[in-house]
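Worksheet: one structure, shown below.
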Amino acid sequence: MFLTDIRKEFYEVVANQRVALLVAADIDALCACKILQALFHCDQVQYTLVPVTGWQDLGTAFLEHKEQFRYFVLINCGANVDLLEMLQPDDDSIFFICDTHRPVDVVNVYNDNQIKLLIKQDDDLGVPSYDDIFRDEDDEGEDSGNESDEGSEPSGKRRRFDDGAVERRIERQRARREWEARRREILFDYEQYEYHGTSAAVMFFELAWVLTKDTKDMLWWAIIGLTDQWVHDKITHMKYVTDIATMQRHVSRHNHRNEDEENSLSIDCMRISFEYDLRLTLYQHWSLYESICNSCYTSCNFKLWTLNGQKKLQEFLADMGLPLKQVRQKFNSMDMSIKENLRDVIEESSNKYGMKDIRIQTFGVHFGFKNRFLASDMVHATAALLENNEKDESDSDSFIKALDSLSRSNLDRLHTGIDLAKKKLIAVQQTVASCICTNLILSQGPFLYCYLMEGTPDVKLFSKPMALTLLCKYLLKAFVHSTRNKRCKRLPLIMAAPKDTEKGSVLVVGIPPESETSDKKNFFGRAFEKAAESTGSRTLHDHFDTSIIELKTEDRSKFLDALITLLS
């Protein structure tokens, strides 16, 4: 059931208990986890943190901890399946679920005892009403007992009564069949598309605010959680702008509160500011030239994988009047005179080149005097640490390192993350260029399809879900900018990359069509399930996002054929 008063029905309930925190491996979940950890430290609540990467992990974590814990908090996992059916818990286990995945499973919504949903009601949830989905079985046997009691009556009367009972039963069965058909239809409409709701970090920040325990660090984590949804394209632009406005009010409140304090200019102070900044990834930690080349927005608009695009970029730099020597050196080393009005100069030239919205509403932070980061820098750095496969470390090690990089006491780790993020962005950019130049994107009818072959440079990097999804979104944008075929511009994209060569499996990701007005709703989760069922393909639907699956390499062609038939 949905909780209406998070403070009373969630926080005050767990405040005196031992709690198991099961946290999904995404940036928003990490930020929500940091906020909740900070709250638990304030009130000395004992908790155990368990990172979970998929449904199997979640099941194992629950089995390991169900003896010691009664209360489980699930962050960004668990809302979109029938959790009790999956975990089979004892009757006294209570699950608090704060999850951005939609749609929320109807059984979770209407279970009042064990499932408590920390989910905003004002999100466009569209949950079907109880009577449309559930029906009491007591109506079934009303008339079955009436016949034997009538034995002393004359037989004519009894026959007439029997006729009435039979008719009533037939009528009831017909009504039930109609109800079941309608129920299937309602559930199909409700569960057809997968999408995302309000960030979990924002939800927990609002809890901290209600408890009057919110700090600047918590506010910064909430902003990173929201920015993660925008960077990884999970929410609509409208939703992003609305939530940014809410965050901006909190930022002004905190800044106003600190104006009177002595330490507002101390060496280790933290200042968050609202920025109308450039959509150039990591540009303050890179050279401007490399950032323009490796940012999705500019790279796709210039079509930098073509010679013409490279020429256009040189013209663009000339139009801004920036010396190449300045543009190619690290941003920190550029002349102050150039840096001062750089954003305005770039915006003015971008408008001439058709890039009208190169600036975006976001937030920046200063740690002391030296370190400045944008929220999107943090997202890219943390994501790179979370999916780092340079050293063979376990998922939980990467999780802990990514979690640490969010603390301002661990700036070294954050800088390591930024360096990894640069490598990842260069790899994405090069892979996009080679896919488009070698025509690897095929139109399969109802969707576009691209398969990264074993042996492609950096293919190991894309065996992780977040990296492959980022590549997929980037590739679709680039394809839409480069193709002349109008029909292809409106198609979704499915991408596959080798996951584990020893086991012979590939990772498959599906994303909705690319358009400015897109509602970001993804129908591939359902389609993948149906296609796997109908062909008997060996698939693993283990990811919390249903549109990401693992598939046996040799089943790839029959799985694709089934998808084409299903979606045509």
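The values are calculated or read from the model by the stated rules, or taken from the named source; none is laboratory data. Keep in mind that what you see is a predicted model, and the values were worked out from it rather than measured. Heads up, the Cβs are rebuilt from the backbone with ideal geometry, glycines too, and the neighbour counts pull from every protein chain shown. Areas reflect the complete protein model, heavy atoms only, side chains present, ligands, DNA and RNA absent. Shrake-Rupley method; radii C 1.70, N 1.55, O 1.52, S 1.80 Å.
Assess whether P498 counts as being modelled with pLDDT of 90 or more and more than 19 Å from P457 (Cα to Cα). So P498 fails the test. Exactly one residue out of Q88, Q68 is free of Cβ contacts under 8 Å to residues at least 24 places away in the same chain, more than 19 Å from L207 (Cα to Cα) and polar (S, T, N, Q), and it is Q88. Within the range 230-254, residues that are open to solvent by 50 Å² or more (accessible area, probe 1.4 Å) have Cβ atoms under 7 Å from residues that are in a helix (DSSP H, G or I) in these pairs: W230/Y240, counting only partners at least 6 apart in sequence or on another chain.
Put simply, of R253, R249 the only residue that is assigned to a helix (DSSP H, G or I), farther than 17 Å from A375 by Cα and out of contact with any Lys or Arg (no Cβ under 9 Å at 6 or more places or on another chain) is R253. Residues in the range 44-56 that are open to solvent by 40 Å² or more (accessible area, probe 1.4 Å), touching a Leu at 6+ places or on another chain (Cβ under 9 Å) and either more than 21 Å from A402 (Cβ to Cβ) or not aliphatic (A, V, I, L, M) (or both): Y47, T48, Q56. Residues that are modelled with pLDDT of 85 or more, over 18 Å from the mean Cα position of the chain (by Cα) and either under 13 Å from G197 (Cα atoms) or of a type in the set (D, E) (or both) within the range 243-277 comprise E275, D277, listed in sequence order. The criterion of at least 3 residues that are among the charged types (D, E, K, R) is met by the following helices (runs of 4 or more DSSP H) wholly inside the range 451-568: 524-535, 556-567.
Can you say whether P457 is in contact with a Leu (Cβ under 6 Å, 6 or more places away or on another chain) and either touching a residue at least 24 places away in the same chain (Cβ under 8 Å) or under 23 Å from T382 (Cα atoms) (or both), as far as the supplied structure shows? The answer is no for P457.
Does E529 satisfy the criteria of being open to solvent by 50 Å² or more (accessible area, probe 1.4 Å), free of Cβ contacts under 8 Å to residues at least 24 places away in the same chain and over 24 Å from K234 (Cα atoms)? No: the conditions fail for E529.
Against the definition (at pLDDT below 95, surrounded by fewer than 16 Cβ atoms within 10 Å (Cβ to Cβ) and among the acidic types (D, E)), how does D92 come out, yes or no? Against the criterion (at pLDDT below 95, surrounded by fewer than 16 Cβ atoms within 10 Å (Cβ to Cβ) and among the acidic types (D, E)), D92 qualifies.
The condition of being open to solvent by 20 Å² or more (accessible area, probe 1.4 Å), over 20 Å from D233 (Cβ atoms) and either in contact (Cβ under 8 Å) with a residue 12 or more places away in the chain or not hydroxyl-bearing (S, T, Y) (or both) does not hold for S409. Within the range 57-79, one or more residues are open to solvent by less than 30 Å² (accessible area, probe 1.4 Å), under 30 Å from L540 (Cβ atoms) and among the polar types (S, T, N, Q). Restricted to the range 190-221, and to residues there that are among the aromatic types (F, W, Y) and in contact with a strand residue (DSSP E or B) (Cβ under 8 Å, 6 or more places away or on another chain), the residue that is surrounded by the fewest Cβ atoms within 10 Å (Cβ to Cβ) is Y193.
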